[in-house]
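Q: Starting off with a structure, shown below.
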Amino acid sequence: MTKARPFLAAVLAPTLLCVGAAAALPASKDAAPVVGTRLATGMSYVSAVRMAHQRNAADNKRMLMVFEVAGDPTLPLYESRDDGDSWRQIGHLADQAHDGSPHWSLHWQPHLSELPRASGDLPAGTLLLAANSIERNDDKRITAQDMQLYTSADAGKTWHYRSSIVKGAGQPSDRLNGGVWEPYIVILDDGRMVAFYSSERHKREGFNQLLAHKVSSDGGRTWGEEVFDVALPGGVDRPGMAVVERLPSGDYAMVFENIDNTDGPRSGQVHIKFSRDGLAWNASDRGIGLETASGAWPSACPMIRWMPGETEDGVLLVAAQRAGGGGDVAGRTLYRNDTGGRGPWWETVAPVQKRTGNGHAGWTQVLLPRADGKLLHVTSSSSAATPDVEADNEILYASAPLALNRYEAEDAARSGSAQIEDKTASAGRRVRVAGVDDARLTFPLRIGKAGTRRLQVRFNDIGLGGTPQVEVNGQPARMIGAVDGSGWRMAQFDAAFRAGDNQVIVRNPAQALDYDYLQIDPVTP
């Protein structure tokens with residue numbers, strides 16, 4: 001085996017296609033400040049791994065990251081030795097399977113991971129890169145895809161071609177193209193390797209695009225037969241961009257976008273489905289659409305991570321490019337769920353606050369929890385000067401704690417209310433609740449431990465005076481006080497919660513009030 005070839009001299013024309021996603025996005029909130037450190041020019045599709053199984057203990061906790069750069073036929077490789085606080089480029093990854101042909105480029109949809117256990121003849125700690133190598137003819141049209149697997153046995157210093165997982169053909173814009181896209185690798189408990197991907201090779205069978213996987217029992221040298229995971233006939237649905245996360249229960253959760261080829265009202269909505277073994281997914285099941293109690297939903301290009309939480313289900317955290325149903329269309333919030341993915345989702349402010357402007361801004365993201373309680377978040381953002389030019393996108397990163405005890409008013413079930421855009425609110429929106437008896441916000445919450453909690457409600461009396469009323473499971477909460485002043489104020493309450501499911505109702509029957517969020521603090525002594 002040989003080392004990875006050096007940077008290829010041939011430079012391809014910038015790729016401006018966004019497979020399975022809308023071509024343009026509204027620039028909502030673009031006047032709001034952008035938050036995050038600029039790393040480099042990078043179009044999209046960021047992937048990172050934190051090493052934890054290396055033979056050399058000094059390499060553990062190092063991070064590696066790759067992403068697409070328009071016009072670059074290779075993938076730039078970056079390293080962090082301080083848990084994502086800073087990064088430096090250490091090389092490029094180039095196609096090794098096509099004899100240096102200038103027509104092929106290892107350029108699209110990279111996924112980095114690390115073997116937590118041996119797989120075939122690959123020991124634990126082996127680094128994996130799955131990525132799509134693309135062939136273009138002399139006219140720069142895409143003619144073929146070769147979804148490849150590379151391995152590194154020295155913590156990312158050198159990389160070696162391992163195999164081709166699946167091959168496709170055709171220009172993405174062609175009606176009957178047979179493209180394959182978006183690899184994602186999972187290692188089962190027994191060491192078998194599973195490669196999930198999107199496939200357009202079954203259009204003549206009535207599947208506009210479907211999700212599938214192949215299994216390798218020899219560490220990715222060879223691959224078994226294709227198995228469908230999400231396959232919806234009719235030529236309309238385009239499930240794509242599957243990401244699979246192992247849960248503490250032993251089950252697996254898959255999130256994916258479901259693009260509607262007719263551009264229906266829920267095109268792009270992120271769905272979730274579950275598997276006991278990571279292999280059987282019931283291909284005809286479209287899963288559960290992620291949605292808040294108020295009807296907002298994340299859209300396109302999902303990423304999922306499990307984090308510890310108050311309950312045994314922990315917290316499922318999902319990033320998406322944009323949102324529908326009243327959600328943050330700029331994709332500046334993450335969606336979380338602490339009921340095993342089967343109840344309402346809540347938005348939380350993302351560490352990186354990106355710009356929109358084009359169809360690749362925010363197209364795949366990195367979510368890596370840190371030991372200090374912060375979340376490392378990396379995504380692509382449009383540039384200030386040319387927000388509509390995908391080739392000018394930039395990679396932004398930031399680490400910050402998430403307010404997982406905060407429940408945005410705009411995500412609660414609502415009656416007698418209206419959502420309003422507001423840059424002074426925590427997630428860019430507030431809810432005005434009318435001053436009538438049946439107007440209210442309802443927060444369905446799951447609590448891990450019974451006891452008294454301190455509730456804080458951020459509100460604005462909009463010049464009419466008054467404070468909110470709060471009920472927990474039908475009982476009035478005891479008001480401790482409210483911070484006086486103009487603009488946003490904070491009302492505090494104490495209330496008894498039971499372990500498990502609870503319902504909090506916030507209302508103001510005497511006069512209208514605006515609400516930002518409800519915060520539930522830990523059990524008080």
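Q: Quick one: dipole size for region 37-404, taken about the Cα centre, charges +1 on Lys/Arg Cβ and -1 on Asp/Glu Cβ, in debye to the nearest 20.
A: 220 debye
Q: Find how much the distance from Met307 to Ser275 grows on full extension, using 0.36 nm per residue of separation minus their present alpha carbon separation; answer in nm with one decimal.
A: Stretched fully, the Met307-Ser275 segment lengthens by 9.6 nm.
Q: I need Thr126, Thr37, Thr333, Thr222 ordered by Cβ neighbour count within 10 Å, fewest first.
A: Exposure proxy ranking, most exposed first: Thr222, Thr37, Thr126, Thr333.
Q: May I ask you to derive the FRET efficiency for Ser415 and Ser217 from their Cβ-Cβ distance with R0 = 56 Å, giving the value to the nearest 0.05?
A: 0.55
Q: Tell me, what does the Kirkwood hydrodynamic radius of region 37-404 come to in angstroms if you use every pair of distinct C-alpha atoms?
A: One over the average 1/r among Cα pairs gives 20.5 Å for region 37-404.
Q: Could you tell me whether region 360-433 comes out rounded, prolate or oblate from its Cα gyration tensor? Rule is a ≥ b ≥ c as square roots of the eigenvalues, rounded for a/c under 1.5, then prolate if a/b exceeds b/c, otherwise oblate.
A: Note, shape of region 360-433 comes out oblate.
Q: Restrict the search to region 318-362; then list the trypsin sites (Lys or Arg not before Pro) that DSSP places in a loop and that have at most 16 other Cβ atoms within 10 Å of their Cβ.
A: Listed in order of number, the matching sites are Arg342.
Q: Let me ask something else about it. Provide Rg over Rh for region 158-276; use the alpha carbon set for both Rg and the Kirkwood Rh (inverse mean inverse pair distance).
A: That ratio equals 0.99.
Q: Right, something else. Starting from the Cα gyration tensor of region 95-161, take the square roots of the eigenvalues, sort them a ≥ b ≥ c, and report rounded, prolate or oblate (rounded when a/c is under 1.5, otherwise prolate if a/b is larger than b/c, else oblate).
A: prolate
Q: For the residues Ile90, Ile187, Ile505, what sequence is obtained by ranking on other C-beta atoms within 10 Å, fewest first?
A: Exposure proxy ranking, most exposed first: Ile90, Ile505, Ile187.
Q: A follow-up question, please. Arrange Arg50, Arg175 by Cβ neighbour counts within 10 Å, fewest through most, would you?
A: Going from sparsest to densest Cβ surroundings: Arg175, Arg50.
Q: How charged is the neighbourhood of Gln469? Take every other residue with its Cβ under 10 Å from the Cβ of Gln469, and add Lys/Arg as +1 and Asp/Glu as -1.
A: Here the count lands on +1.
Q: At 7 Å along Cα-to-Cβ for each site, give me the label-to-label distance between Lys157 and Gln503 in nm.
A: Label at Lys157, label at Gln503, 6.2 nm between them.
Q: Right, something else. For region 408-523, just the Cα atoms, rotate onto the principal axes and tell me the three extents in Å, largest first.
A: Its Cα atoms span 37, 27, 26 Å along the three principal axes.
Q: A follow-up question, please. Rounded to whole Hz and in sequence order, give me ³J(HN,Hα) for region 178-190 from the Karplus expression 6.51 cos²θ - 1.76 cosθ + 1.60, θ = phi - 60°, writing x for Gly and Pro.
A: With coefficients 6.51, -1.76 and 1.60, one gets x, x, 10, 8, 6, x, 8, 9, 10, 10, 6, 4, 8 Hz.
Since every read-out is calculated from the coordinates, none of them should be taken as a lab result. Predicted, not measured: the structure shown is a model, and the values here were computed from it. Methodologically, a virtual Cβ is constructed for each residue, glycine included, from the backbone with ideal geometry; neighbour enumeration extends over all protein chains shown.
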